[in-house]
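For reference, the structure is listed below as structure tokens.
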Amino acid sequence: MKRHAPAVARNSAAIAKVLEQELPASGTVLEIASGSGEHAVFFARRFANLHWQPSDADPDALASVAAWRAEGGSANLAPPISIDASASDWPVTQAAAVLCINMVHIAPWEAAEGVFHGAARLLGAGAPLILYGPFLEARADTAPSNLAFDESLRRRDPQWGLRSLDELDQFAGQNGFERTARHEMPANNLTVAWRWRGDE
């Protein structure tokens, strides 16, 4: 029932170091596409003052998150909930931050759009939406490994592939967000934060 994602052991500490700069001091962090659940367990322990809400659209992933939580979850780690990022209605009414790790490149573009739409419904002014993963950038050379990864994803599903950070910025701006941070991460990944401007 429990899944294991080897990358979690490699990237959790690096991501957490960046999240220390981006997450609020209190409130609920909604994690979209929690996958195995290992990140949720790690981050909930690391950020004890935050309420950590994992989610996923895949029933097997939800079962894995629940199993990891039952084995070693902290009191601030909530049971996982089912969320399809591309859906127009999420079973959450508010959040202090939204986090999505390694999802937008292995899902249709509509899922990335849905993350911004959903975050806009939940976040207050100044609250962050944070994405982690590999991206394409017009003003930066793309690592050969990322280009090969992008090609392999598109062979598996033409709707998948690394997302252009410029396109994400444009869509974010159209939906009330402004990019406020770009953190370079190990293995040619980025952590990118956009903040909700509120109803201007």
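Just so you know, all these numbers are worked out from the coordinates, no wet-lab data involved. Remember, predicted model here, so these are calculated numbers, not experimental data. Please note: Cβ atoms are built from the backbone with ideal geometry, for glycine as well, and neighbour counts cover all protein chains shown.
Taking amide H positions as placed in the peptide plane 1.01 Å from N, state which residues far from residue 163 in sequence (5 or more) or on other chains have amide H under 5 Å from it.
Residues meeting the criterion, in which the H sits 1.01 Å from N, are 136.
Return the FRET efficiency for the residue pair residue 87, residue 21: r is the Cβ-Cβ distance, R0 is 35 Å, and the value is rounded to the nearest 0.05.
On the way: r = 30 Å, r/R0 = 0.86.
According to the calculation, E is roughly 0.70.
Please report the net charge: other residues with Cβ closer than 15 Å to the Cβ of residue 35, K and R +1, D and E -1.
Summing Lys and Arg as +1 and Asp and Glu as -1 gives -2.
Using packing as a proxy for protection, rank 33-46, 60-73 so that the peptide with the highest average count of other Cβ atoms within 10 Å comes first. Each step should come with its number before you reach the end.
On the way: 33-46: 23.3, 60-73: 18.1.
Highest-to-lowest ranking by the protection proxy: 33-46, 60-73.
Any chance you could check the Cα centroid distance between the stretch 74-106 and the stretch 114-174 for me, in angstrom?
What the calculation gives is 17 Å, centre to centre.
Fully extended, how many nm does the chain gain between residue 9 and residue 166 (0.36 nm per residue separation, minus their Cα-Cα distance)? Don't skip to the end; give the middle numbers.
Working: separation 157, 0.36 × 157 = 56.52 nm, distance 2.96 nm.
Computed gain between residue 9 and residue 166 is 53.6 nm.
Near the amide H of residue 51, under 5 Å away, which other amide H atoms are found, from residues 5 or more places off or on another chain, if H is placed in the peptide plane?
27, 28, 29
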